[in-house]
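First comes the structure, then the notes that go with it.
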Amino acid sequence: MTVTLVTGANKGLGYETARQLIERGHSVYLGARNTERGEAAATELGGQFVQLDVTDDASVETALGVIASREGYIDVLVNNAGISTTADVNGQEALRVFDTNVIGLIRVTQAALPLLEKSGNPVVVNVSSALGSFWAVTNPERRQFHFPSIIYGSSKAAVSMLTVQYAKALPAIKFNAVEPGFTATDLTPFSGAGQPVEAGAEVIVRMATIGKDGPTGTFQEGDGELGW
C-alpha cells in the first residue's frame, strides 16, 4: 500500500487531495496544526491523523517520527500547507508567510527524506501557484498578470525554485510543483469564487500518483506543464 503524507490536510485542497488518494487506495496521513479538526478530518475520510505544524521543528520531527514508527517509509509527500497574506506589505508579514509557505516546506521535506529514500517510488508534490510563475505574471493573457501579489506570489516563486533544486540535488526522488488553479478555498481572495475544490485537487493527485517513469523538476497545471 502506498503511504502518503499530506500537510495542511484538514480542509480545502489538502482535505480533498487526501480524500481522492484514499479512494485510490493510499494509506494517507493527514497532517494538521489543529488536533481536533485534524482528527475529525481523518475520521471522516478513513485516514490517519498526525499533528503537524510546519512552522515548528519539534512538531515536524514528532509527526515524521510517528509515521516512521508505524510504517518505516513514505512513498508520497504532498507539501500542501500554506497561508495567504493580508494587504499589508512589511517585513513581519513577509516572515509569517515565508515561514509557512517556504521554510515549512523545507522543514517537512528534510524530515521526510530518510523515509522517502526507503520507498521504491518516492514522490514529492509541492503545491505552488501560477502567481509564483514568472511566465504567468508577465503574460497579459494569464489572469495572474492582472493580480499583484508581492508577498504570497514571491513565496510561491520560492516554492517553485525549491522544487527545481531538490529535483537536481536528489534525482532518486521525483519532485514536481503544481498549480491547482483558482479554487474556492479559504486562501481565495474573493469568498466563494473559483472552481470546486474537487477540480483543484486533480492535478495534485495526478502528480502524487505518477509511476517510476514520471517526470521530475516540472511545474504542472491541468493536463500539462506550466511555464516557470
Which of LEU52, ALA42, ILE173 sits farthest toward the positive end of the charge dipole of the chain, with +1 on the Cβ of Lys and Arg and -1 on the Cβ of Asp and Glu? ILE173
Need one number: % antiparallel among DSSP beta bridges in the chain, to the nearest 5. 5 percent
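Give me the accessible area per residue for region 1-94, probe 1.4 Å, as a whole number in Å². Kindly include the intermediate steps, with their values, before the conclusion.
Working: 4220 Å² over 94 residues.
Using a 1.4 Å probe on heavy atoms only, each residue of region 1-94 averages 45 Å².
State the extension gain, in nm to one decimal, for the chain segment bounded by TRP135 and LYS11, taking 0.36 nm per residue of separation less the distance between their alpha-carbons.
Numbers: separation 124, 0.36 × 124 = 44.64 nm, distance 2.96 nm.
Extra length from TRP135 to LYS11 when fully extended: 41.7 nm.
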What's the ranking of 74-83, 56-65, 135-144 by average number of surrounding C-beta atoms within 10 Å, highest first? 74-83, 56-65, 135-144
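Want the number for GLN165 to THR86: 0.36 nm per residue separation, take away the alpha-carbon distance, what's left? Walk me through the numbers on the way to the answer.
Values: separation 79, 0.36 × 79 = 28.44 nm, distance 2.89 nm.
This chain segment gains 25.6 nm when fully extended.
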Rounded to a whole number, what % of the accessible area of the chain do carbon and sulfur atoms account for, probe 1.4 Å? 53 percent
222 nm mean residue ellipticity, helices alone, for the chain (DSSP H n ≥ 4; -39,500 (n - 2.57); rounded to 500): -12500 deg cm²/dmol
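What FRET efficiency, computed as 1/(1 + (r/R0)^6) with R0 = 30 Å and r the Cβ-Cβ distance, is obtained for ARG37 and GLN110, rounded to the nearest 0.05?
On the way: r = 26 Å, r/R0 = 0.85.
Given R0 = 30 Å and the Cβ-Cβ separation, E is 0.70.
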What is the Cα coordinate range of region 87-172 on the first, second and third principal axes, sorted by size from largest, in whole angstrom? 43, 32, 16
Taking every Cα atom in region 109-157, find the radius of gyration and the maximum pairwise distance Dmax, and write them in Å. 15.6, 44
At the level of C-alpha centres, the distance separating region 212-228 and region 93-160, in angstrom, is 14 Å
What is the log10 of I(q)/I(0) for region 35-141, computed with the Debye formula using one identical point scatterer on each Cα and no solvent, at q = 0.10, 0.18, 0.21 Å⁻¹? -0.37, -1.01, -1.21
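Could you compute the net charge surrounding MET207? Neighbours are other residues with a C-beta less than 12 Å from the C-beta of MET207; K and R count +1, D and E count -1. Don't skip to the end; give the middle numbers.
Numbers: positive: LYS174, ARG206; negative: GLU179, GLU202, GLU221, ASP223, GLU225.
With Lys, Arg at +1 and Asp, Glu at -1, the neighbours total -3.
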Would you work out which of ILE74, GLY25, ALA63 lies farthest towards the positive end of the dipole of region 1-103? Charges go on Cβ: Lys and Arg +1, Asp and Glu -1. GLY25
Could you calculate the FRET efficiency of ARG143 with ALA58 from 1/(1 + (r/R0)^6), where r is the beta carbon distance between them and R0 is 35 Å, rounded to 0.05? 0.35
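For the chain, what does the relative contact order come out to in percent, with C-alpha contacts under 8 Å and a separation of six or more?
Numbers: 470 pairs, mean separation 41.7, N = 228.
It comes to 18 percent, rounded to a whole number.
The values are calculated or read from the model by the stated rules, or taken from the named source; none is laboratory data. All values derive from a computational prediction rather than experimental measurement. With ideal geometry, Cβ positions are generated from the backbone for all residues, glycine too; neighbour counts draw on all protein chains shown. Ligands, DNA and RNA are excluded from the accessible area calculation, which covers all protein heavy atoms including side chains. Shrake-Rupley method; radii C 1.70, N 1.55, O 1.52, S 1.80 Å.
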